[in-house]
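S.K.: The following block contains the structure, expressed as structure tokens.
The values are calculated or read from the model by the stated rules, or taken from the named source; none is laboratory data. Quick caveat: nothing in here was measured; it's all calculated off a predicted structure. Quick reminder, even Gly has a Cβ in these numbers, built from the backbone with ideal geometry, and neighbours come from all protein chains shown. Surface areas here come from the heavy atoms of the whole protein model, side chains and all, with no ligands, DNA or RNA. Shrake-Rupley method; radii C 1.70, N 1.55, O 1.52, S 1.80 Å.
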Number of protein chains: 2
Amino acid sequence: MRIAIYGYGNLGKGTECAAMAAEDVELVGVFSRRSPEKVKTLGTPVYHASELESFADKIDVLIICAGSATDLPEMTPALAKKFNVVDSFDTHASIPSHFDRVNESALESGHIALISCGWDPGMFSVARLYSSAILPQGKDYTFWGRGVSQGHSDAIRRIEGVLDARQYTVPVEAAVSAVREGKMPELSTREKHTRECYVVAEEGADLERIEREIKTMPNYFADYDTTVTFISEEELKREHMGIPHGGRVIRTGKTGIDGEHNHVIEYSLKLDSNPEFTASVLVAFARAIDRMYKRGIRGCKTVFDIAPADLSPLSAEELRAHML
Amino acid sequence: MRIAIYGYGNLGKGTECAAMAAEDVELVGVFSRRSPEKVKTLGTPVYHASELESFADKIDVLIICAGSATDLPEMTPALAKKFNVVDSFDTHASIPSHFDRVNESALESGHIALISCGWDPGMFSVARLYSSAILPQGKDYTFWGRGVSQGHSDAIRRIEGVLDARQYTVPVEAAVSAVREGKMPELSTREKHTRECYVVAEEGADLERIEREIKTMPNYFADYDTTVTFISEEELKREHMGIPHGGRVIRTGKTGIDGEHNHVIEYSLKLDSNPEFTASVLVAFARAIDRMYKRGIRGCKTVFDIAPADLSPLSAEELRAHML
């Protein structure tokens, strides 16, 4: 399977690592809108994005490693006109409209596209779907963290007087325990997660104002119990340079004549590197997309449409003999 | 979707409950090799197994609720000649030959069959496949319990002087912790699980001999740390009548340039009723089998071949909008 990477930030680099770890993947190149000489890969050839079209016959699946806010809504439909593509579009509310645009483009040009792949949306979505289909009389909960939220860290950095910041999303353990016990609690936003902020301020900045601006920021922090800790740039560099994340999807449900039996299904992830894990999911699903294209399947798909067997380099016989 | 149940033990009864809980399922009947008047369902009509053929046009999927040791190897290929079928064949080593026989029978008659559905094989297999495809540089572990093993309980009951018994399979917590920490330990059978036996002996029986016979029984107990506790029939009836089970599939793996980042994927189940949960899985997959048959798909399938979207009563649009 011949893969190329479009965009080379943290996710693009993670995808390069994941592709190198997969024995059946040939990495054709990294395509970037920056000058190729400024992009330092782990060995994969770098080309300018403008050269991409000339690779149309050399790439089976193009993995688009770009942001959901402004890049992917334009990029994925455009690139699906020329390539089979995979993206990690993660703005949950806009998935239906993104799907429609990508589907139209892929069907028109006779390609296949997978959107919203990764872990949430992605593997967490798959966990929600399996468990809700199995336990229709039940309720599911998604907890994120402990992990770094890039979006929330960026929001803090935009405050006047802030030099740098890291924000951790932390699940409330009491809420996780109540869910696991099958109590099916109604949980508010505040009861599910807390937010820990580590902030490097400019010398002489008004720390009280910064803390107040963080804690009252609508959508990002106002609905949460938020703690703000001011640290030095050295401490930030020493203690907070990783990009860990994770979380869990828990569904509890009842079966029996009168719902007398309780069941708990839990899917959890503990990740040292959020972008490298997301990239590993993208590469596994790119394998499925390549196979489905060769079977004649076209149009936009999501992780829900992919049979697990298509993700594995092993044959159907090997899977049945060793993994079932 | 019109479903019928073949066989009415614990699993058959669980399937009746699960089918009643699914809004899109019509339960056509329970078919039994016993006299219908001796089978007490929760309301579903009961027919003798010999009447099954006359229902050929009235059943979309037949769920076979019978044992793997002697029943399913004969039943599933035979029934796949007349019906779309789902079974829970769980003798891992014999899955490839069972698959071949069922596949031949289903292809010849133009039906679809799903074998080895449930939670292990079944959802645990799916968890192993997803996580190994995502983290190729890793290792997975399956722990079962704490839960009742029917096979081990039966083995104890066959010992002279034993009136009744319950055997619990218990995971070794230290092993689970070592796996979660990403140490990728090599674990022997003894290091992964212990076995707890609760035994009701005949009055005057030689308890020391019974305990020795249990602990030295090859395959079942000899390779495990086993504890034997003699209890009264009353205590057994009071404390040990449930059929709880569960377990977890954990895969740890590495990503990055030099495998410098660790990741843990864990899928766990905690079940009050093993047969009712298994039955809930069977009904969800029966929905997929019905849809795939209507799309023209024939032959034998496993859980690996089923796209998650086909398990849910929700439409593709609803799934993308609310579950992705």
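S.K.: Just to confirm the filter: which GluC sites (Glu not before Pro) across the range B:236-283 are DSSP coil and have at most 13 other Cβ within 10 angstrom of their Cβ?
M.R.: B:260
S.K.: Counting only protein heavy atoms, what percent of the accessible surface of the protein assembly as shown is carbon or sulfur at a 1.4 Å probe?
M.R.: Values: 12840 of 27150 Å².
Looking at the protein assembly as shown in its full context, I get 47 percent from C and S.
S.K.: On to the next question. Over chain A, give the accessible area per residue in Å² for a 1.4 Å probe, as an integer.
M.R.: Using a 1.4 Å probe on heavy atoms only, each residue of chain A averages 42 Å².
S.K.: Just want the answer: with Cβ charges of +1 for Lys and Arg and -1 for Asp and Glu, which residue in B:255, B:293, B:315 is farthest toward the dipole's positive end in the range B:240-324?
M.R.: B:293
S.K.: Let me ask something else. Just how far, in whole angstrom, is the range A:149-178 from the range B:271-313 if you go by their alpha carbon centroids?
M.R.: Comparing the Cα centres of the range B:271-313 and the range A:149-178, I get a distance of 40 Å.
S.K.: Taking R0 as 51 Å, what's the FRET efficiency between residue A:139 and residue B:232 from their Cβ-Cβ distance, rounded to 0.05?
M.R.: Efficiency for this residue pair is about 0.80.
S.K.: Among DSSP beta bridges lying fully in the protein assembly as shown, give the percent that are antiparallel, nearest 5.
M.R.: 55
S.K.: Would you please put A:126-138, A:245-257 in order of how densely packed they are, using the mean number of other Cβ atoms within 10 angstrom per residue and starting with the highest?
M.R.: Taking the mean over residues of other Cβ atoms within 10 Å, the ranking is A:126-138, A:245-257.
S.K.: Run through the other copies and list how far each one's label point is from that of residue B:151, in nm with one decimal, shortest first; the point sits 7 Å from Cα along Cα-Cβ.
M.R.: So the label point of residue B:151 gives 4.7 nm to the other copies.
S.K.: Which value, in nm² and rounded to one decimal, describes the direction-averaged projected area of the C-alpha convex hull of the range A:1-148?
M.R.: If you wrap the Cα atoms of the range A:1-148 in a convex hull and average its projections, you get 10.7 nm².
S.K.: Follow-up question, since we're still on this one. Check which residues have an amide H placed less than 5 Å from residue B:163's amide H, if you skip close sequence neighbours.
M.R.: For residue B:163, the qualifying residues are B:200, B:201, B:202.
S.K.: Work out Dmax and Rg for the protein assembly as shown from the C-alpha atoms and quote the Rg first, both in angstrom.
M.R.: 26.9, 88
S.K.: Something else about it: Among the listed pairs B:82/B:294; A:270/B:139; B:215/B:270, give every one whose C-alpha distance is greater than 20 Å. Spell out each step's value before the answer.
M.R.: On the way: B:82/B:294 16 Å; A:270/B:139 15 Å; B:215/B:270 27 Å.
Among B:82/B:294; A:270/B:139; B:215/B:270, the Cα-Cα distance tops 20 Å for B:215/B:270.
S.K.: Here's another thing I want to ask about it. Other chains near B:134-146: what is the mean number of their Cβ atoms within 10 Å of each residue's Cβ?
M.R.: 3
S.K.: Each residue of the range B:243-260 in turn: what ³J(HN,Hα) in whole Hz from Karplus with 6.51, -1.76, 1.60 and θ = phi - 60°, glycine and Pro shown as x?
M.R.: Each residue's phi maps through the Karplus curve to give 10, x, 7, x, x, 8, 10, 10, 10, 10, x, 10, 9, x, 5, 10, x, 7 Hz.
S.K.: Moving to a separate point now. Give the nm distances, rounded to one decimal, from residue A:38 to the matching residue in every other copy, measuring between label points 7 Å along Cα toward the beta carbon; shortest first.
M.R.: Spacings between copies for this position, smallest first, are 8.3 nm.
S.K.: Give the Rg/Rh ratio for the range B:225-273, taking Rg as the radius of gyration of the Cα atoms and Rh as the Kirkwood radius, to two decimals.
M.R.: Computed over Cα atoms, the ratio is 1.34.
S.K.: Provide the net charge surrounding residue A:227, with neighbours chosen by a C-beta distance below 14 Å and charges set as Lys +1, Arg +1, Asp -1, Glu -1. Could you put the intermediate results ahead of the total?
M.R.: Numbers: positive: A:146, A:166, A:190, A:195, A:212, A:215; negative: A:196, A:211, A:225.
That works out to +3.
S.K.: About its Cα centre, what dipole magnitude does the protein assembly as shown give when the only charges are +1 on Lys and Arg Cβ and -1 on Asp and Glu Cβ, stated in debye to the nearest 20?
M.R.: Computed about the Cα centre, the dipole is about 1020 debye.
S.K.: Ok, one more. Convert 10 °C to kelvin, take the viscosity as 1.306 mPa s, use the Kirkwood radius over C-alpha pairs of the range A:171-324 as Rh, and evaluate the Stokes-Einstein diffusion coefficient in µm²/s, rounded to a whole number.
M.R.: 78
S.K.: At a probe of 1.4 Å, how much accessible area disappears from chains B and A on forming the pair, both sides counted, to the nearest 100 Å²?
M.R.: Heavy-atom accessible area buried at this interface is about 5400 Å².
S.K.: Taking a label point 7 Å from Cα toward Cβ, how far is residue B:69 from its twins in the other copies, in nm, shortest first?
M.R.: For residue B:69, the other copies' label points sit at 6.3 nm, shortest first.
S.K.: Here is a follow-up. So if I place +1 on the C-beta of Lys and Arg and -1 on the C-beta of Asp and Glu, and nothing else carries charge, what would the dipole magnitude of the range B:123-275 be about its Cα centre? I want it in debye, nearest 20.
M.R.: Result for the range B:123-275 is approximately 720 debye, rounded to the nearest 20.
S.K.: For the range B:89-148 and the range B:211-229, what is the centre-to-centre distance using only Cα atoms, to the nearest Å?
M.R.: Cα centroid to Cα centroid, the span is 28 Å.
S.K.: To the nearest 10 Å², what's residue B:180's accessible area with a 1.4 Å probe?
M.R.: 90
S.K.: Residue by residue through A:296-305, how many Cβ atoms from other chains fall within 10 Å of the Cβ on average?
M.R.: Shielding by partners across A:296-305 averages 4.
S.K.: Okay, moving on. From the residues B:224, A:170, B:129, which one has its Cα farthest along the dipole of the protein assembly as shown in the positive direction, the dipole being from +1 and -1 charges on Cβ of Lys/Arg and Asp/Glu about the Cα centre?
M.R.: Ranked along the dipole, the leading option is B:129.
S.K.: Okay, moving on. In a shell of Cβ-Cβ distance under 15 Å around residue A:177, excluding residue A:177 itself, what net charge do Lys and Arg (+1) and Asp and Glu (-1) give?
M.R.: On the way: positive: A:180, A:183, A:192, A:248, B:270; negative: A:173, A:181, A:191, A:266.
Net local charge, residue A:177 excluded: +1.
S.K.: Could you compute the FRET efficiency for residue B:317 and residue B:51, with r as their C-beta to C-beta distance and R0 at 35 Å, rounded to 0.05?
M.R.: The value I calculate is 0.30.
S.K.: Still on this model: What is the average number of partner chain Cβ atoms found within 10 Å of a Cβ in B:92-99?
M.R.: Working: counts 5, 1, 0, 4, 5, 0, 1, 5.
The shielding value for this peptide is 3.
S.K.: Related question: For chain B, what is the convex hull (Cα atoms) projected area averaged across all directions, in square nanometres?
M.R.: 19.7
S.K.: Do any GluC sites (Glu not before Pro) in the range A:10-54 lie in a DSSP loop with no more than 10 other beta carbon atoms within 10 Å, and if so, which?
M.R.: When the GluC sites (Glu not before Pro) of the range A:10-54 are filtered for loop state and at most 10 Cβ neighbours within 10 Å, A:23 remain.
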